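The values are calculated or read from the model by the stated rules, or taken from the named source; none is laboratory data. Owing to the predicted nature of the structure, the values given are computational and were not obtained by experimental measurement. Methodologically, a virtual Cβ is constructed for each residue, glycine included, from the backbone with ideal geometry; neighbour enumeration extends over all protein chains shown. Quick note on the areas: whole protein, heavy atoms, side chains included, nothing else; ligands and nucleic acids left out. Shrake-Rupley method; radii C 1.70, N 1.55, O 1.52, S 1.80 Å.
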Amino acid sequence: MGRDNINKLEQLQHKLKYTFRDVGLLKRSLTHKSYSKLNYERFEFIGDSILDYVIALNLYQKYPQFSEGDLSKLRAALVNESTLVEIALQLDLGSYLFLENGEEKSGGRTRASILADSLEAIFAAVSFDSDFNAAKAVIEQLYWHKLTDTNAQGLIAKDSKSILQEYLQERYIAVPKYNVIETSGPDHDVRFKVECNIAEMGINVVAEGKSKKEASQLAADRVLLFLKNKHIKI
């Protein structure tokens, strides 16, 4: 591994607040299947389960008044691809990925599915390098702001599409149009690319997901994030 790669992995470990004893585990969690047969896919399988349990445990402890149904909705809002991508972007995870040239040129470093899967793989890598509690600590510090959010009821009651639609209707702006612009992948793993278009505001955002619903929600979430970054109160 070149010195530049070693330095970059040290940067990422600093952001994760975890130092690997076997840095090869971290490298594998960042490696796409286009780059090597030793990639993050099997790690992601484990990381997904670890994340589900850690978030479920935190919510169970924090909200004793919530029903199982409400806890499930809140967990879903926190472990979905949209939230994983948001955290991955905060880490600048895309810049650390190991991708084959073709995958990189096609936008792999910013592809939602790759960022989300790699982040989950990192959780597994930490658990392999140390133990479950170490992975739990990494997840909790990355999710700290979301786990301490006082707007839990809002997350349960409304999804991003509903919040965006209400915001626009209050301002007499036409509701967004969601259009599937591309599908890709094999039949057992189809990916949908959906655009969210708000003509009156000149906003057109594209997102990708495992279903039309997921891609639409992610697109709406990105519009909300764009509006918030413009200091527009939602």
Please work out which residue is most open to solvent (accessible area, probe 1.4 Å), limiting yourself to region 29-61 and to residues that are farther than 18 Å from ALA76 by Cβ and touching a Phe, Trp or Tyr at 6+ places or on another chain (Cβ under 6 Å). TYR35
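Within the group LEU71, LEU84, which residue is within 24 Å of SER216 (Cα to Cα), open to solvent by less than 60 Å² (accessible area, probe 1.4 Å) and touching a residue at least 24 places away in the same chain (Cβ under 8 Å)?
Details: LEU71 fails: touching a residue at least 24 places away in the same chain (Cβ under 8 Å).
Residue meeting the stated conditions: LEU84.
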Which of the residues that make up region 5-30 are closer than 23 Å to SER113 by Cα, at pLDDT below 95 and of a type in the set (A, V, I, L, M)? LEU9
The one condition ASN80 fails out of (1) more than 17 Å from GLN141 (Cα to Cα); (2) out of contact with any Leu (no Cβ under 9 Å at 6 or more places or on another chain); (3) modelled with pLDDT under 90 is (2)
Find the helices (runs of 4 or more DSSP H) located wholly in region 132-230 whose residues include 3 or more that are surrounded by 12 or more Cβ atoms within 10 Å (Cβ to Cβ), and list them. 132-142, 152-157, 160-170, 212-229
Hits in region 102-153 - residues which are closer than 21 Å to ALA207 by Cβ and at pLDDT below 85: ALA112
